[in-house]
1. Lysines near Lys319 by alpha-carbon distance under 17 Å, same-chain residues fewer than 8 away left out - which ones?
2. Please report the accessible area of Asp166 (heavy atoms, 1.4 Å probe, ligands and nucleic acids excluded) in Å², nearest 10.
3. Assuming a viscosity of 1.002 mPa s and a temperature of 20 °C, what translational diffusion coefficient in µm² per second does Stokes-Einstein assign to the chain, Rh being the Kirkwood radius over Cα pairs?
4. Might you work out the accessible area of Phe65 for me, using a 1.4 Å probe with all protein chains in place, and round it to the nearest 10 Å²?
5. What order do Phe263, Phe78 take when sorted by accessible area (1.4 Å probe), most exposed first?
6. Net charge within 10 Å of Asp292 by Cβ-Cβ distance, Lys/Arg positive one each and Asp/Glu negative one each, not counting Asp292 itself?
7. So, how do all the Cα-to-Cα distances of the range 76-159 break down into 10 Å bins, in percent, from 0 on up?
8. Between the alpha-carbon centers of the range 215-253 and the range 254-327, tell me the distance in whole angstrom.
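The values are calculated or read from the model by the stated rules, or taken from the named source; none is laboratory data. This is a predicted model, so every value here is computed, not measured. Every residue, glycine among them, receives a Cβ derived from its backbone with ideal geometry; neighbour counts consider all protein chains shown. Accessible surface is based on the protein model in full, side chains and every heavy atom, while ligands, DNA and RNA are left aside. Shrake-Rupley method; radii C 1.70, N 1.55, O 1.52, S 1.80 Å.
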Amino acid sequence: DILGHDVPSMIRQLQDMTGTDPLKIDLTDRKVLSIFNGIEALDIKDPDYKFTHGSYAIPEFGTSFTRQMLDDTKPDKFADLVRISGFSHGTDVWLNNAQDYIRSGTATMREVISTRDDIMNYLILKGVENETAFKIMEIVRKGKKDLDDEQVATMKEHNVPDWYIDSCNKIKYMFPKAHAAAYVISAFRIAWYKVHMPVYFYASWYSSKATDVDVEAMIGGYTPIKNRIIDIKEKGYEATNKENGQLESLKIALEASARGIKFLNVDLYKSEATVWKAVSDTEIYPPFNSIDGLGDTVAQNIVAERQNKEFLSVEDLQKRAKISQTLIDKMRIMGILKDLPGSSQMTLF
């Protein structure tokens, strides 16, 4: 959308792919909620699969930072996910603050401060006058100064614990609860497709989110994907930016493969230009632009030209779609051109 949020676009794409109404998804679906605590609901078929998080590729919950939050908090309700969204979007709300209180046993995940609203509502519940509670919330959420002596005294008079006051003084910025809730509603809808309609979930994620992919490893299946992940990890800091980008998409490909989903080879007549296409409950065609070095323009050329008429030969394809020799060689190696003769010239003798 205009703000650069691609989650609404992904939800719309899933709606178009599946014919379902994402607005009717049950936000209390226990099976969907369970993937924020493990992988049982993903129905992993490969016994070699070792990752323990089910939230890979879910907006707001797929990064290593938020996966650690899930480990620390063990969310069991939709409201818990909203709190985690508040933690992750605040500044000095989670690290060196809420996380420490939870790990030490000082407070539970539902007692620590997550969003702006938590402070005002908590103080009002404690008996603090409404306007004072609001002013304290405003000071804390902006993070420009500590609470003054009078405000601290008021909080202590109403039995607000010292750790809570200290937590307020550490915060530099806080998310509003409604904003966190809106993000989690969208994330949960996408998670529903991951659990109940996985082939479309993965096709949509690769179409809208993946920027770097190793399509050759993905086509190879579980073992080549796993080996490529190990290879990049072993490079450490020597891995290129592109390889680090591929690493995240390879982890998601490994999960998909472990669930029995296959990435087919790019097909000259069945693949799309830029969209990953689910063709059965377990199969996805990668697009032409997933081939290393092949850009959107050439990908669109191929699709446009095949709609005009079939390709007579590799030579005909190269000329009509304006493909470089390097890319033709790459497509040959990948087996995409195996059914095409090399030249359009006819041998008479």
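1. Lys309, Lys330
2. Around 80 Å² of this residue is reachable by solvent.
3. On the way: Rh = 23.1 Å.
The diffusion coefficient I find is 93 µm²/s.
4. Near enough 80 Å² of accessible area.
5. On the way: Phe263 10, Phe78 55 Å².
The ranking, largest first, comes out as Phe78, Phe263.
6. Numbers: positive: Lys242, Lys330; negative: Asp212, Asp214, Glu216.
So the surrounding residues net to -1.
7. P(r) for the range 76-159, in whole percents per bin: 17, 47, 34, 3.
8. Using only Cα atoms to place each centre, the spacing works out to 21 Å.
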